[in-house]
Amino acid sequence: MSAINPSKQAVVRLTAGAGSLTARGLDKTVDVYFSADVETDGPIPGPYSMLSFALVYAGAFDGKRFRRPMDYKNSFYRELKPISDDFEYEALAVNGLNRDRLVAHGSAPEDVMDEAFEWVRSVAGDGSPVFVAYPLSFDWSWLYWYFVRFSKRGSPFGYSRCYDIKTAVSVKLGLPVAESGRAQIPEILLPKGLHTHHALDDAIEQAEIFANVFELGGGV
């Protein structure tokens, strides 16, 4: 009996289960990407607060073809009431948000995170929402924590459906991760807009970078 190489074994297993996959619709799963950016008053959620965030529809991928949006107008932006009294002046200096105004007039996190969940699901439709950021770690930690803590339905991205543009840049350009920051991106991949530290502006800028990097030599 001849040996079956690992790749053929994978095909055999997939073929054997094809009926059940089709029955559940899993063979038609489409990733629907959302570029995310947050502005905060400190380094970690809980002791500190997320003051604003934006989610922008950034395209879809069916395993073969990536479709970028015609524009980046399909977006969600909110400013939130702080959840604690602690904050760092350095963080406020970067984002320029008026924390006192948000204490008085910011939206309640419980309302915002439920609304954000519904918006993501409505845009994704039957697709699978995927969280996109550059780098991923900071923005994911904040929004995932806020979704789990304040939304009655939890996170629309589950606990792991996320895409790190920094890692993609590292792979596509053959660079170490430590050398894959925005400063190393070739001009041809850069967006037209400026990085303003306004969550919506930056989420749109990031969505453009994401599409440019994703299309560079095929999807990652």
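Legend: calculated FRET efficiency, ILE188 to TYR159, from the Cβ-Cβ distance at R0 = 30 Å, rounded to 0.05, equals 0.30. Length available on full extension from GLU88 to VAL148: 0.36 nm per residue minus the Cα-Cα distance, which gives 19.2 nm. For segment 28-214, the antiparallel share of DSSP beta bridges with both residues in that region comes to about 65%. Please work out the C-alpha center-to-center distance from segment 173-206 to segment 158-172 and express it in whole Å. Each part's Cα centre sits 14 Å from the other's.
A simple packing score, the average count of other Cβ atoms within 10 Å per residue, orders the peptides 50-59, 129-138, 173-182, 104-113 as 50-59, 129-138, 104-113, 173-182, with the highest score first.
Using the Cβ-Cβ distance between GLU110 and GLU179 with R0 = 41 Å, the FRET efficiency computed as 1/(1 + (r/R0)^6) comes to roughly 0.50. A full extension of the chain between ASP201 and LYS64 corresponds to an added length of 46.4 nm, given 0.36 nm per residue minus the alpha carbon distance. Sorting TRP145, TRP119, TRP140 from the fewest to the most surrounding beta carbons within 10 angstrom yields TRP145, TRP119, TRP140.
All of the numbers you see were taken from the coordinates with simple rules; none came from a lab. Predicted model only: the values in this text are computed from it and were never measured. A quick note on method: Cβ atoms are made from the backbone with ideal geometry, for glycine too, and the neighbour counts reach across all protein chains shown.
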